[in-house]
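For reference, the structure discussed in these notes is given below.
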Amino acid sequence: MATASVTFKSREDHRKQIELEEARKAGLAPAEVDEDGNEINPHIPQYMSSAPWYLNAEKPSLKHQRKWKSDPNYTKSWYDRGAKLFQANKFRKGACENCGAMTHDKKSCMERPRSVGAKWTNVNIAPDEKVESFELDYDGKRDRWNGYDPSTYTRVIADYEAREEARKKYLKEQQLKKLEEKDGEKDGEKDDENVGSEDDEEDGLRIDEAKVDESAQMDFAKVEKRVRTTGGGSTGTVRNLRIREDTAKYLLNLDVNSAYYDPKTRSMREDPLPDADPNDKFYVGDNQNRLSGQALEFKQMNIHAWEAFDKGQDIHMQAAPSQAELLYKSFKIKKEMLKSEHKDKIMEKYGNAASEDAIPRELLLGQSEREIEYDRTGRIIKGQDVSLPKSKYEEDVFINNHTTVWGSWWKDHQWGYKCCRQTIKNSYCTGLAGIEAAEASADLMRANMARKEAAEVEPVHHEEKRLATWGTDVPDDLVLDKKLLEESLKKENARRKEEKDERKRKYNVKWNDEVTAEDMEAYRMKKIHHDDPMRDFLS
């Protein structure tokens, strides 16, 4: 109820007011009328119908819910494009120096810059443009089609109609050409069968304007319905899931424990009649669509994209579907090539039983005219070469130009090759020449050994030279002075003490390069030999 203002009411007045409102809602009492004479809906809540206190409303009204701050300057009109107002005969002060119009300056002039402006020539003065300014409301500023002239769309329609006419004309010319060519080729005798086929081709070449488009034929299962929206409803397309003459999915099997039917999505994934004859069933469940056709191919493409991404390839089915599809196609081609190569290798190695070549009789029937003699134990005696069983290791593999395998030759506790009699496994085969050279070298070695044993070689006696105590040749006139030898021994002892304790070494060291025989003898006498048993006590 729309109340004018909040006034104090007694309990009885308040009860009567509530009863009146209930009667108005039930339609037993007439609706309340505002100051303009319009009825107020009694079902409007009180917080919406009651006016604020600061409006000082004397009569019930809903004006406070309407837009009461309306600006009369707001408009939905648009600019008059290309309209001209006045064209002067001579230049006016403050006009554009380039074209002479008063509505803009030289900087914002849209006309081509003249070599000499209208300010100096007073010729071809441009007319003044119609400048308008609108104060648009909120919707007018954001209207994308504001100012659009619907009549301009007729040009677009005319363009499409002209294209359609040209296309039909071209198709008709092409069909007439084909008919003329066929008539020229078949001017001779015409059989009955040829006549019938020619009529069918001519019917297919005729333009049937009433023929329904193929895309429209495929939509026979679509039903146009009204879709309820907030804007008042619009026509949408709802795809029907079955033909009305067919039995519904949920009626195929009324068993409670059978396939589940979802009424919201109208889907039944499992087969409602799994034990029935497949030839008699027209519906086998919605899972059949997921496991056949393009759905299965799309699923395999997804799996391939996941596996390729796990192996390091930069591929994503949702981010780049075209790239993923191309990679999947190339993968299938390569896989087929590898399978065909593998198949060819197996057929080349083992043969093809399904080939059209004639199979030999001995292989086909397992018989031949060859006579084979066996003994009592079943071993072959005559008529067929005994085939030696082969091991799992590689056999008859010749390397480095050898004609025999390693281990076919044994001599002096060494294995070798029989073809060249070499005992080095990775050697290159030398053939008979190598055998002859080896035999010649062996004969020569045996002859040398025999000659050495036969010859008696006398030992050569060399004159023993008397060596000095320090290891050099002793001159004939060598005489050691005992006093000099004692001094050399003292020097050697002092030198050894300096080597043990560096603190006794002097700062200015004098070095004497002259070494006498006594010094060498003293060095030998003080030297500790490693094979001397008393060397530990001398140090």
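Between Met525 and Lys264, the modelled label-to-label distance comes to 12.1 nm, taking each label 7 Å out from Cα in the direction of the beta carbon. For the stretch 122-132, the Karplus equation 6.51 cos²θ - 1.76 cosθ + 1.60, evaluated at θ = phi - 60°, returns couplings of 6, 10, 6, 6, 6, x, 7, 7, 7, 9, 10 Hz by residue, with Gly and Pro reported as x.
In a simple Cβ point-charge model (Lys, Arg +1; Asp, Glu -1; nothing else charged), the stretch 18-68 has a dipole of about 280 debye relative to its Cα centre. Each principal axis of the stretch 48-153 carries a Cα extent, and these read 72, 38, 21 Å when sorted largest first. Largest first, the extents of the alpha carbon coordinates of the stretch 413-459 on the three principal axes equal 45, 21, 14 Å.
The residue list Met301, Ile333, Gly312 was ranked by how far each Cα lies along the charge dipole of the stretch 247-382 toward its positive end, using unit charges on Cβ atoms, and Gly312 comes out on top. Projecting label points 7 angstrom from Cα along Cα→Cβ for Tyr153 and Arg379 puts them 10.5 nm apart. Taking Cα centre as origin and charging only the Cβ of basic (Lys, Arg, +1) and acidic (Asp, Glu, -1) residues, the dipole magnitude of the stretch 272-360 rounds to 320 debye. Residue-wise HN-Hα couplings along the stretch 518-527, as the Karplus relation 6.51 cos²θ - 1.76 cosθ + 1.60 with θ = phi - 60° gives them from phi, are 5, 5, 5, 5, 5, 4, 5, 5, 8, 5 Hz; Gly and Pro carry x. Amide H to amide H distances under 5 Å link Cys99 with Ala118, where only residues 5 or more positions off or on other chains count and H is placed in the peptide plane.
For the peptides 259-271, 94-106, 417-429, what is the packing order when you average, over each peptide's residues, the other Cβ atoms within 10 Å and list the highest mean first?
Averaged packing, sorted descending, gives the order 94-106, 417-429, 259-271.
Mark the label point 7 Å from the Cα of Thr247 along Cα→Cβ and return the residues of the stretch 261-282 whose backbone N is within less than 18 Å of it. Answer for this model: 261-262, 267-282. A simple packing score, the average count of other Cβ atoms within 10 Å per residue, orders the peptides 54-67, 164-177 as 54-67, 164-177, with the highest score first.
For the stretch 9-121, the relative contact order comes to 13 percent (Cα pairs under 8 Å, sequence separation of at least 6). Amide H to amide H distances under 5 Å link Ser267 with Asp262, where only residues 5 or more positions off or on other chains count and H is placed in the peptide plane. Amide H to amide H, with H built 1.01 Å from N, Lys281 comes under 5 Å of no residue 5 or more places away or on another chain.
Here the Karplus curve 6.51 cos²θ - 1.76 cosθ + 1.60, taken at θ = phi - 60°, turns the phi angles of the stretch 149-162 into couplings of 9, x, 5, 5, 6, 4, 5, 5, 5, 5, 5, 5, 5, 5 Hz, with x standing for Gly and Pro.
Bear in mind that the values in this text are calculations on the coordinates, not laboratory data. Predicted, not measured: the structure shown is a model, and the values here were computed from it. Glycine gets a Cβ as well: all are built from the backbone with ideal geometry, and neighbour counts include every protein chain shown.
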